[in-house]
Structures are given as structure tokens and as C-alpha cells.
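Reading through the C-alpha cells given below for one structure.
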């Protein structure tokens, strides 16, 4: 599990760097053009799908990864447009990459709802770091609902793995925000 988590974190950080270099002339802000938000939304949607490819299995139909962070960061920096685009691509990817199962449908709906709620939440006038923290909690709330709906665990250790994974996720999310903030400040 820790190896898979580390893979997700390195993909996340490497993708931020690559996206920052590719789109360095079009930084993502709430005041960016719709075209720029479209590009960034597509990039974050692709990132979410790549993160799903490096996920780990909870049970035969349930996977865990950091895809919700792609949606949260898109919403935190760009608002509702890139969040909806990213969440839509991630929702489609969940079904296409892992098959049409009841868990895939619930996870796809959860990803799209995360994009909608985080996109709406991005309009609030609160400090960006606090806003991103709350959006991460929103994403984790929807993930918790999916886990609660599909508790097909065989023992307590299997049930504990997702909780431990998302505990570490919060720490990595903070480091990712610092990395993003520094990257956007340096490119401006």
C-alpha cells in the first residue's frame, strides 16, 4: 500500500511540474480565460486518470488513489470550469478504465459531485490555503460515502488501510499545495 501511495504522490508532483512547464504562458487563476481553464481542466482530468491507473485495490471492485486532489487543485486555482472538466474526465475514466460496475458508477458520481461542490466552493472569499483544505475535506467526504456504501471488507486491517492512506494523503496534500504555490509564484 505504501509503495502505491508513493507512486501516486510522485506522479502528482511530477505532473504539476510538467503541466506548469507546458502551460507556463497560461497560468491558472480564477480570472484566467475560459480557454486556459479548459486546457488546465483537461490536464487535471488526464492526471486523475493516470492516478487511477496507479491505484491499489481495496476489494475486487474498489480502488483507492489521489484522483480527488486533481479536482480539488483545479477548483482551488481555477474555479468551477476546470473542476467540472477534470471531474467529468475522471468520472468517465473510472468507468472506461475499470469497467461498468456498481462501484464504478458510484465512484464516477462521487468524482463529479466533488467537482461540482468544490467548483461552487471556490467562489467563497477565504484564504486560498484554507479554501483548498476545505475542498480536500469535501473530496474526502465523498470518498468516505463511497467506502460506507461498499463496505465489503473481510477483516479490520483491510478496513484500516483506506483510513491510513487518506491520513497520509492530507500531509502530502499540504506539501503539494506548497509546491504549486512556489511553482506559480516563480513562473509569474
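Read-outs throughout are calculated quantities, based only on the coordinates presented, and are distinct from any laboratory measurement. What you are looking at is a predicted structure, and each value in this text was computed from that prediction instead of being measured. All Cβ positions, even for glycine, are placed from backbone atoms using ideal geometry, and neighbour counts span all protein chains on display.
Could you list 37, 3 so that the one with the fewest beta carbons within 10 Å of its beta carbon is first and the one with the most is last?
Working: 37 24, 3 7.
Ranked by crowding around the Cβ, least crowded first: 3, 37.
Distance from the Cα centre of region 115-134 to that of region 83-109, in angstrom? So the two Cα centres are separated by 22 Å.
Put a dot 7 Å past the Cα of residue 148, heading toward its Cβ, do the same for residue 33, and the two dots end up 4.4 nm apart. When every alpha-carbon pair in region 1-127 is counted, what percent end up more than 20 Å apart? Considering region 1-127, 41 percent of its Cα-Cα pairs are separated by more than 20 Å.
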